[in-house]
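Taking it in order: structure first as structure tokens, then the write-up.
Every read-out reported here was derived from the displayed coordinates using simple, explicitly stated rules and does not represent laboratory data. Computed from a predicted model, the values in this text were never measured in an experiment. Neighbour counts run over all protein chains shown; Cβ positions are idealised from the backbone, glycine included.
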Amino acid sequence: MTTKEQGFYDQIKPRDLEELKKHRSDEFKEKNDEQQNRKDKASWAMHLAMVKMAIVQPKKTHEVEVSGLTKYKKPYHYTYKYADLADVDRAIMDAVKTTKEDGKPLLTYYFDIDNGAEGVTVETVIVDAATGYSERTNKVWFENLNIGDAQSTASLISYGKRYSLSAAFGIASEDDDDAQMQKMNQSQAVDESAIKIIFEDYVNNHSIKAKNWIKGKHDKATGDYIKQLLGDYELKHHLDKTKQKAIDRRKEKDQQVKEAVKKIKKPKSEDEVIKDIVDKPKKDPFSDKKEDTPMSDGQQSLFDDILGD
């Protein structure tokens, strides 16, 4: 039996047929690749959120003294504390260990460094250990004022790594202004964007990982924010159900009206009345008065005289 698709292919030249099949195959592969890429990106985002939420801010155990002249030639001098690259890396890797599943980490990362003629560019590349999907952070660039000095350049690269890595995972690694850093730490007490990613994965994709995380133990601030999201979701879900019920009731009522209208006998138009009169067989008004009796001899004789022989 020849299918419609086979009949279509039979009308195409062999060379064109191969090109068409290849084109369709490429389209199918591209569509599948796009769907897989979206799934991998969602997995990456959720894993990053879970790791970020598990990070304990590293202690700033190092201190640096800064001095110099402003552009107005006025001297300045101050000190600030910071967590070095090793401290930042340790805090992240501890979080990775905490969130591992079946003994396997959710994420890993590496640096992409460009040591150019004028400065150093650093990017942190975060990789989903389960899928291999990766995303790059924004590039950070620092001018190298000591080109040719290997030690100074190495220090600058180390600073670039720490800066990029801290930004990628939401770590406050420097403390050069106590008031400002206190404000930052308070705002970072609850990483709302990270929690939303996990919550949406739980609600939209029914993710077991997200579900287990949400139902796990949390600090008070995180727990309160999760409850807020759950409350907002339940309210929206309730409103959506109420709205849908109203729509269904209106549709049902409209259907009932339509059925009732169908049952009402419409009056005939003038044309329909005339047509009924014309098409209806005529009835003899004297049919009920006629008697089916034989004629008498006299009647028969008169009938014959009128009609003739």
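Observations, loosely collected:
- Interchain or long-range residues, amide H under 5 Å from Glu101's placed H: Leu106
- In a simple Cβ point-charge model (Lys, Arg +1; Asp, Glu -1; nothing else charged), the stretch 88-162 has a dipole of about 240 debye relative to its Cα centre.
- Separation between Cα centres of the stretch 92-133 and the stretch 208-228, rounded to whole Å: 25
- About the centre of its Cα atoms, the stretch 117-158 shows a dipole size close to 60 debye [charges on the beta carbon of Lys, Arg (+1) and Asp, Glu (-1) only; nearest 20 debye].
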